[in-house]
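To start, the structure under review is shown below, and the notes come after it.
The values are calculated or read from the model by the stated rules, or taken from the named source; none is laboratory data. Fair warning: this is a prediction, and the values are worked out from it, not measured in the lab. Cβ sites come from the backbone with ideal geometry, for glycine too, and all protein chains shown count toward neighbours. Protein only, heavy atoms only, side chains kept; ligands, DNA and RNA dropped before computing areas. Shrake-Rupley method; radii C 1.70, N 1.55, O 1.52, S 1.80 Å.
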Amino acid sequence: MLPRALLQSKLPRSGFAFYRIDTRSILRMSSAAAASTTESPQAKRQKIMPKVIGTHNGTFHCDEALAVYMLKLTDTYKDAEVVRTRDPAVLDTCDIVVDVGAVYDHTAKRYDHHQRGFEEVLGLGFNTKLSSAGLVYKHFGAEIIANKLSLPATDEKVTYIYSLLYRDFIEAIDAIDNGISQYPSSLTPAYRNRTDLSARVGRLNPRWNEPTSNDILDAKFQVASALAGGEFAEQLDFYATSWLPARDLTASLIAQSKEAFDKEGRVLVFEKFVPWKEHLFDLEESEGSGVTKGAATYVVYPDEAGGNWRIQAVPVAPQSFESRKALPEPWRGVRDEKLSELTAIPGGIFVHASGFIGGNKTREGAIEMAKKALEL
């Protein structure tokens, strides 16, 4: 933290403190302060002064806005103040620096990605070059997730969420900031997308015909960091409080179904509703899960609200509209009594025109539909 006398202006805001700094007096006043005490400046600072996160001033981007927010989720930097500058002398006084300085050195707590020759990636099968957000996530993400889950950073659930959160949230920010397209440049996109997080953060910068200053940019950076960080925190909370419990429940329901109904797991009967689709595919790829890849054909489960039962064909991939084995073609688009007559199974409600899902009034009826569909 710089001596208070050096701070020309301080703008305290909701966990952030931004400083505009008179750099010409730094060394002179620091020397005087050091001479006035027998305790080393570093030791004194560690005892009484908050940590300082440094990043660049001027126009901001999603990566450093998120990087700063993530750092403030760690035990070390949760109370840190933020300095926005490009002055090397000032950056050298910061405890940690992101997205500026042309240095990536974890030991020195420097996390820039703009320098020539930088090609750092997260690993774990991800090959997108990191931005400052990805660099901070690489080194501090496990701690952030562990704090949220109240588990050790080495726990397998932390490792699982660490990879998932990078795939579904951080990687796109890294790619956009580094100018990496989502698809080959030879393809023409069918539509334009300017609603992504990076675009929304970018729009928080002052427009070309609006007033701007260091103070205005600092205030807007705070809004940008809160926006990016809030969405990060929301995604992490979803994984912690919804995704992981759903994954555990899906695994348990699959095991119960195989034991009680179909040992091969072709028809899975779930006694509770759970968002199972992505978890089924994930478990099929997980060693030791006991779920055979490609075996599940239909899933039978209770309707969330209607009190009826559903039979759903498992897709060939989580986001695909194509099924491993759609419900029989003669059933498709048929409803109610006509469906019951056609299938010879009472309680029929409907079968979708594409054959990906159907319904029956009872558990037994839905199971019979699944068994018969396997044979046709």
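Here K325 is the anchor, and the aspartates and glutamates within straight C-alpha reach of less than 13 Å, apart from those fewer than 8 places off in the same chain, are E375. Scalar couplings 3J(HN,Hα) for the range 297-311, obtained by applying the Karplus form with A = 6.51, B = -1.76, C = 1.60 to θ = phi - 60°, are 10, 10, 10, 9, 7, x, 5, 4, 10, x, x, 9, 10, 10, 10 Hz; x denotes Gly and Pro. Segment F126..H352, full-extension length gain: 77.6 nm, with 0.36 nm per residue of separation and the alpha-carbon distance subtracted.
Work out which helices of the chain, taken as complete DSSP H runs, extend at least 20 Å along their axis over the Cα atoms and score a mean Kyte-Doolittle of -0.5 or more, then list them. Long hydrophobic helices here: 132-149, 214-238, 244-260. Determine the share of the chain's accessible area contributed by carbon and sulfur atoms, expressed in whole percent, with a 1.4 angstrom probe. C and S atoms contribute 51 percent here.
Judged by the ratio a/c of the largest to the smallest principal axis of the C-alpha gyration tensor, the range 42-151 counts as oblate, that ratio being 1.5 or greater while a/b is no larger than b/c. Mean residue ellipticity at 222 nm, helices only, the chain: -11500 deg cm²/dmol; runs of at least 4 DSSP H residues each add -39,500 (n - 2.57), and the sum is divided by the number of residues.
Relative to the current alpha-carbon distance between A255 and N178, full extension at 0.36 nm per residue lengthens the span by 23.3 nm. Using the average count of surrounding beta-carbon atoms within 10 Å as a protection proxy, the listed peptides 326-339, 179-192 rank, highest first, as 326-339, 179-192. For the pair E119 and L187 in one chain, pulling the backbone fully straight at 0.36 nm per residue adds 21.9 nm over the alpha carbon distance.
From the square roots a ≥ b ≥ c of the eigenvalues of the alpha-carbon gyration tensor of the range 101-200, which class results: rounded (a/c under 1.5), prolate (a/b over b/c), or oblate? Taking the square roots of the gyration eigenvalues as a ≥ b ≥ c, the range 101-200 is oblate. Taking the Cα atoms of the chain, the ratio Rg/Rh between the radius of gyration and the Kirkwood radius comes to 1.13.
Charged neighbours of V100, selected by a Cβ distance under 14 Å, balance to -4 (K, R count +1; D, E count -1). Counting lysine pairs in the range 100-243 whose alpha carbons fall under 26 angstrom apart, excluding pairs fewer than 8 residues apart on the same chain, gives 9. When the square roots of the Cα gyration tensor eigenvalues are ordered a ≥ b ≥ c, the ratio a/c for the range 141-212 is 1.5 or more and a/b does not exceed b/c, which makes its shape oblate. With protein chains left intact and a 1.4 Å probe, residues in the range 101-260 average 54 Å² of accessible area per residue. Note on S213 and Q319: their simple-model spin labels are 4.5 nm apart, each label 7 Å out from Cα toward Cβ. Across the chain, the mean sequence separation of Cα contacts (distance under 8 Å, 6 or more residues apart), normalised by length, yields a relative contact order of 11 percent. Using the Cβ-Cβ distance between L374 and R200 with R0 set to 45 Å, the FRET efficiency from 1/(1 + (r/R0)^6) comes to roughly 0.45. Taking label positions 7 Å along the Cα-Cβ direction at both D79 and S289, the computed distance is 4.3 nm, reported to one decimal.
Normalised by the number of residues in the range 56-157, the mean separation of alpha-carbon contacts (under 8 Å, six or more apart) gives a relative contact order of 26 percent.
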